[in-house]
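Enquirer: First the structure, then my questions, so here it is.
The values are calculated or read from the model by the stated rules, or taken from the named source; none is laboratory data. Remember, it's a predicted structure, so these values are computed and weren't measured experimentally. Ideal geometry is used to build each Cβ from the backbone, glycine not excepted, and the neighbour counts take in all protein chains shown.
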Amino acid sequence: MLKLIYRRLLMMVVMLLGLLAIMFVVANVAPGDPARLAAGPDATRDMVETIRVERGLDKPLPQRFVIYLGSVVTGDLGTSIHTGRAVLHDLAIYFPATLELVLFSIGLAIVLGIPLGVIAAVNHNQLADHIIRIFAVSGVAMPMFWLGLMLQWYLALELNWFPLGGQLDLMSDPPTRITGMLTVDALLTGNFAIFLGAVAHLFLPALSLSFPALASIIRVNRAEMLETLNRDYITNARAQGIGPLRIVAAYALKNALLPTLAMIGLRFGWMLGGTVLVEGVFDWPGVGLYAAKAAISSDFEPIMAVTLVLGASFMLANLLIDLTYAALDPRVRAQV
Amino acid sequence: MRIDWNWLRSAVLGVVLAVTAIAGAGAVEKLDGKLYLVIAGRQPVSTLDPAQKYDYAIRMMEQALYDGLVKYEGNPPEVKPWLAESWEVSDDGLVWTFHLVDNAKFHNGDPVNAEAVRYSFVRTLELNKGPAWMLQDFLAPEGIEAVDDRTVRFTLKKPYAPFLSFLPWWFIVNPAIVEANSVDGDRAQTWLNENAAGSGPFKLAKFEQGKAYWLEVNKDYWKGFPYEADNFGGIIYKLVRESAGQRAALIKGEADIVGGLTPEEMEKIAEREGIHTTTLPALTAFGLKFNTQNEHMSDINVRKAIAHAFDYDGLVKIFNGEAKLQTSPFGDAIKGKIDVAGIPRRDLQMAKDYLAKSAWPDGGFDVEYVYVQGFEEERQMGLLLIDALKDLNIDVKMTPLTWPNMVGRAAEVDTAPDIIAIFATPVSTDPDAVAIQYHPTSFGKYYGSHFLEDEELKGMIEKARNETDWSKRQPIYAEIQERIVELQPEIFGMMRNRRFAFRDWVKGFQDSPIRMTEEIDLYPLHIAK
């Protein structure tokens, strides 16, 4: 197992380097002059040049790449044009917010998706199955952005059950920063009121973000459960008089979960990179909005840093999934 | 097989109820018994340093945290005394002397003196960023002198009539604080991104980048306030990035002012109880700029033909009538603006006559129209253009681009498109602020994508800006406006109104057309409740 971890971590470094090189070239050959945008609409050519020199944009591309790589290795991810701060500092603020949103969303998708998949499979071709399948199809088809707006309009504005957006009420003091994730920090500091406030703010964006993943998990889990429930060992278990709940939970679900796990890993990566729309609707101050603002400002260093962090997170998540796979399935363990 | 999920339903319901119980709406934000006014805006404040950059959000915050020698107020906008209680200018227009008020203090209690004014101007000029372009051709750091504690003198390199009109955007920083926070000779640029060193009516209470920016009333403000509201604590500028979110925040009471809603949203929200809306004239002009050096657009008859074929009524309808067609390249609030006779309106016969005189009398060519990706109004303008030019047998290729890519293409004559959708807001009411957009010094800037070269126009613009006597400048600017229309470097479009919606308890809103899109003068704003 340790060998697998070492090999995958080494591969990660190589892949991240490749990702960085591709991003650097793409970002720098794209049209748009970051120095001009940073200087402002009325700036003279001389003022634009001042900023170009200040940010090292006057140097040849290969030289800039070498300088950039050197900086990244020492932990310096550059300075953002649009926030004026060190990118590392920005990421330390925005990434935990996105991670919290994604973890909550994927948690929601798992907690709801797996039982619904099971219910659909157990009630195969009955009313519950049909309703859940329609729900799953609509989840895949429904644009997240639109769903977010609808949830916001109905649950937050009309029913006033949830706040419209943001991470906390404007006048609430955030808990002492430990992880940067408000719900976790509130719990760690024992501030339950802030925890509930943070969860209330988290719920609608997480629900919007989780919907496509929820639908996928339901579909995969239902299909796997159907297949598993028709296996001989399940029939055998039923013949032995084992209760239905035990058959589903202890015998069928464990096997059906393996493909679902792979789906969860993929969805996690997709969610990390796809939060921007939900963050926009709910004013969630995460890396999605940060990267989007950077992109429209031709602010390359934040874009590259975000790509790097999201890429690394995606790879780590998949490594974790593979390890879980190995832990759950002795055949996989034997191949490692 | 049946499984009892009732326990799970109960648990989920319990958690949801507990969470939603604390998610109620508040009418006005309160902190320590004080009322806070919340503005929900879309643009983040990327810096608070008056010498680095400006846009509407930055300018709104800076004007609350800092003071200038003078300030724009009113409609029409007038330059009013502020830190400078009076000033005089020499007969040759070269020497400007300002006399400061004697009671102005920075937030830390230091006096605002002539040396602070000199230091602030020198810092901006030497950093060569933000507003530096406004004065750098006419004012050198050595031309600024603190004569005594309350007198500062500017000696210009050559006369520059609009000098005073740009001063409201040159804010005074506290030299002691700037020097104390300077790192590696950066003159506190990094520190001032998220901190303030001013003397303005508000102090910076909290700067949460990407979320909200908190201003606290400066109780000791040297100029006092134009209202009495002891329970008013300050203003919070909160980021809400979607207009649907802005509207919802206003309805729910999570915001007290929002700007920039679509005309349809404005209509709907005005029907709600406790909310009122306003539409105000602005200086922002919209034009479809031609690249006058491109193959087809270099022919003035083609430009005239397109300008006469365009559907101007359709343009105003895109904004639900909340826009006014331009009658001159200059906006209404620009000094010396005239209504130029013969400014094109839709006249298909005239359009065909012009095209007949061109090198392409039967049309039969394509033009490229570039606009901001995702900007619905600009897309609709492109559709208007397609319809209008069908009658001339000219095809329009619509190219949506992101703003950086648009700016990149507009910067060079070889890449600037045939037609580009441009909103431009002058930062001064002096006619030079608009006229200079048609001078070769503007090539490379997004509004200079016309690449118009005309020696006569260039000469007039230069003559007018160096002339100090308004009675002599005025006729030159009348000629400049006529000449620009004659050369037709663009379809002169419309002046878009500014749109705001408020909760009824918001008081003190004062408009001036000089303000950018969603910029608000925060000084007189407060809550009466």
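Enquirer: Can you name the residue in segment B:126-150 that is within 11 Å of chain A (Cβ to nearest Cβ) and part of a helix (DSSP H, G or I) and is also surrounded by the most Cβ atoms within 10 Å (Cβ to Cβ) among such residues?
Expert: We begin by selecting, within segment B:126-150, every residue within 11 Å of chain A (Cβ to nearest Cβ); these are B:126-134, B:136-137.
With part of a helix (DSSP H, G or I) added as a condition, the list becomes B:126-127, B:132-134.
Working: B:Glu126: 13, B:Leu127: 18, B:Ala132: 26, B:Trp133: 20, B:Met134: 22.
That would be B:Ala132.
Enquirer: Another question, then. Quick check on my filter: what residues within segment A:142-196 are part of a helix (DSSP H, G or I) and without any contact (Cβ under 8 Å) to a residue 12 or more places away in the chain?
Expert: A:Trp146, A:Met150, A:Trp153, A:Tyr154, A:Leu157, A:Glu158, A:Asp185, A:Leu187, A:Phe192, A:Ala193, A:Leu196
Enquirer: Output the qualifying pairs, or none if there are none: Cβ atoms under 7 angstrom, residues six or more apart or on different chains, first residue in segment B:143-172 and without any contact (Cβ under 8 Å) to a residue 24 or more places away in the chain and of a type outside the set (Lys, Arg), second residue crowded, with 20+ Cβ neighbours inside 10 Å and not in a loop (DSSP other than H, G, I, E, B).
Expert: Pairs found: B:Gly143/B:Phe154.
Enquirer: Give just the number: which of (1) away from chain A (no Cβ under 12 Å); (2) crowded, with 18+ Cβ neighbours inside 10 Å; (3) more than 30 Å from B:Gly74 (Cβ to Cβ) does B:Asp395 not satisfy?
Expert: The single condition B:Asp395 does not satisfy is (2).
Enquirer: With surrounded by 22 or more Cβ atoms within 10 Å (Cβ to Cβ), away from chain B (no Cβ under 12 Å) and among the hydroxyl-bearing types (Ser, Thr, Tyr) as the only criterion, which of A:Ser80, A:Ser105, A:Ser71 stands out?
Expert: So the residue among A:Ser80, A:Ser105, A:Ser71 that is surrounded by 22 or more Cβ atoms within 10 Å (Cβ to Cβ), away from chain B (no Cβ under 12 Å) and among the hydroxyl-bearing types (Ser, Thr, Tyr) is A:Ser105.
Enquirer: Further, regarding this structure: Looking at this structure, is B:Gly374 buried (at least 21 other Cβ atoms within 10 Å of the Cβ), more than 17 Å from B:Gly287 (Cβ to Cβ) and either modelled with pLDDT under 95 or not β-branched (Val, Ile, Thr) (or both)?
Expert: Against the criterion (buried (at least 21 other Cβ atoms within 10 Å of the Cβ), more than 17 Å from B:Gly287 (Cβ to Cβ) and either modelled with pLDDT under 95 or not β-branched (Val, Ile, Thr) (or both)), B:Gly374 does not qualify.
Enquirer: Right, here's the next one. Scan segment A:21-47 and report the pairs whose first residue is more than 8 Å from chain B (Cβ to nearest Cβ) and whose second residue is part of a helix (DSSP H, G or I) and surrounded by fewer than 20 Cβ atoms within 10 Å (Cβ to Cβ), with Cβ atoms within less than 6 Å and a gap of 6+ or a chain change.
Expert: Short answer, once both residue conditions are applied: A:Phe24/A:Phe65; A:Asn28/A:Leu61; A:Ala35/A:Arg52.
Enquirer: From the list A:Ile114, A:Ile131, which one is free of Cβ contacts under 8 Å to residues at least 60 places away in the same chain and either within 13 Å of another protein chain (Cβ to nearest Cβ) or more than 19 Å from the chain's Cα centre (by Cα) (or both)?
Expert: A:Ile131
Enquirer: When you scan segment B:450-462, do you find a residue that is under 22 Å from the mean Cα position of the chain (by Cα) and farther than 26 Å from B:Ala341 by Cβ, even just one?
Expert: No, the conditions are met nowhere in segment B:450-462.
Enquirer: Out of the residues in segment B:109-161 meeting the condition of being in contact with a strand residue (DSSP E or B) (Cβ under 6 Å, 6 or more places away or on another chain) and acidic (Asp, Glu), tell me which one is nearest to B:Ile177 (Cα to Cα).
Expert: B:Glu115
Enquirer: Give A:Ala292, A:Ala262, A:Ala252 a once-over and let me know the one that is within 12 Å of chain B (Cβ to nearest Cβ), closer than 23 Å to A:Ser313 by Cβ, in a helix (DSSP H, G or I) and at pLDDT below 90.
Expert: When all the criteria are applied, what remains is A:Ala292.
Enquirer: Restricting to segment B:346-394, count the residues that are in contact with a strand residue (DSSP E or B) (Cβ under 8 Å, 6 or more places away or on another chain), assigned to a loop (DSSP other than H, G, I, E, B) and closer than 15 Å to B:Ala307 by Cα.
Expert: 1
Enquirer: Turning to a different aspect of this structure: Do any strands (runs of 3 or more DSSP E) entirely within segment B:158-270 hold 2 or more residues that are more than 22 Å from the chain's Cα centre (by Cα), and if so, which?
Expert: Because the criterion is at least 2 residues that are more than 22 Å from the chain's Cα centre (by Cα), the strands (runs of 3 or more DSSP E) in segment B:158-270 that meet it are B:202-208, B:212-217, B:232-239.
Enquirer: Another question, if that's okay. Would you mind finding the one in A:Leu226, A:Leu245 that is in contact (Cβ under 8 Å) with a residue 24 or more places away in the chain, part of a helix (DSSP H, G or I) and farther than 30 Å from B:Lys238 by Cβ?
Expert: Matching residue, one of A:Leu226, A:Leu245: A:Leu226.
Enquirer: Also: Restricting attention to helices (runs of 4 or more DSSP H) lying wholly within segment A:35-136, give those where 3 or more residues are under 25 Å from B:Gly444 (Cα atoms).
Expert: A:45-54
Enquirer: Inside segment B:192-209, can you point out the residues that are of a type outside the set (S, T, N, Q) and more than 10 Å from chain A (Cβ to nearest Cβ)?
Expert: B:Ala196, B:Ala197, B:Gly198, B:Gly200, B:Pro201, B:Phe202, B:Lys203, B:Leu204, B:Ala205, B:Lys206, B:Phe207
Enquirer: Give the residues of segment A:30-48 that are crowded, with 17+ Cβ neighbours inside 10 Å and of a type in the set (D, E, K, R), sorted by residue number.
Expert: A:Asp33, A:Arg36, A:Asp42
Enquirer: Among the residues of segment B:25-39, are any at pLDDT 90 or above, within 13 Å of chain A (Cβ to nearest Cβ), in a loop (DSSP other than H, G, I, E, B) and surrounded by 14 or more Cβ atoms within 10 Å (Cβ to Cβ)?
Expert: no
Enquirer: A further question follows. Checking B:Phe451 against (1) at positive phi; (2) at pLDDT below 95; (3) away from every other protein chain (no Cβ under 14 Å): exactly one of these is not met. Which one?
Expert: Only one criterion is unmet by B:Phe451, namely (2).
Enquirer: On to the next question. Do you know which residues across segment A:257-290 are touching a residue at least 60 places away in the same chain (Cβ under 8 Å) and within 30 Å of A:Arg231 (Cα to Cα)?
Expert: Scanning segment A:257-290 gives A:Leu257, A:Leu258, A:Thr260, A:Leu261, A:Ala262, A:Ile264, A:Arg267.
Enquirer: Turning to a different aspect of this structure: Right, A:Gly311: assigned to a helix (DSSP H, G or I), surrounded by fewer than 23 Cβ atoms within 10 Å (Cβ to Cβ) and touching a Leu at 6+ places or on another chain (Cβ under 9 Å) or not?
Expert: Taking the combined requirement at face value, the residue satisfies it.
Enquirer: If you check B:Ile235, B:Ile269, B:Ile251, B:Ile257, which single one turns out to be among the aliphatic types (A, V, I, L, M), without any contact (Cβ under 8 Å) to a residue 40 or more places away in the chain and touching a helix residue (DSSP H, G or I) at 6+ places or on another chain (Cβ under 9 Å)?
Expert: B:Ile251
Enquirer: Let me ask another. Given the criteria among the small types (Gly, Ala, Ser), free of Cβ contacts under 8 Å to residues at least 12 places away in the same chain and in a helix (DSSP H, G or I), does A:Gly18 qualify? I'd like the intermediate steps shown before the answer.
Expert: On the way: among the small types (Gly, Ala, Ser): yes; free of Cβ contacts under 8 Å to residues at least 12 places away in the same chain: yes; in a helix (DSSP H, G or I): yes.
Considered against the rule, which asks whether it is among the small types (Gly, Ala, Ser), free of Cβ contacts under 8 Å to residues at least 12 places away in the same chain and in a helix (DSSP H, G or I), A:Gly18 comes out as yes.
Enquirer: Something else now. I'm trying to understand the selection: among the residues of segment B:271-305, which are surrounded by fewer than 22 Cβ atoms within 10 Å (Cβ to Cβ), in a loop (DSSP other than H, G, I, E, B) and more than 25 Å from the chain's Cα centre (by Cα)?
Expert: Of everything in segment B:271-305, those that are surrounded by fewer than 22 Cβ atoms within 10 Å (Cβ to Cβ), in a loop (DSSP other than H, G, I, E, B) and more than 25 Å from the chain's Cα centre (by Cα) turn out to be B:Glu271, B:Arg272, B:Glu273, B:Gly274, B:Gln293, B:Asn294, B:Glu295, B:His296, B:Ser298, B:Asp299.
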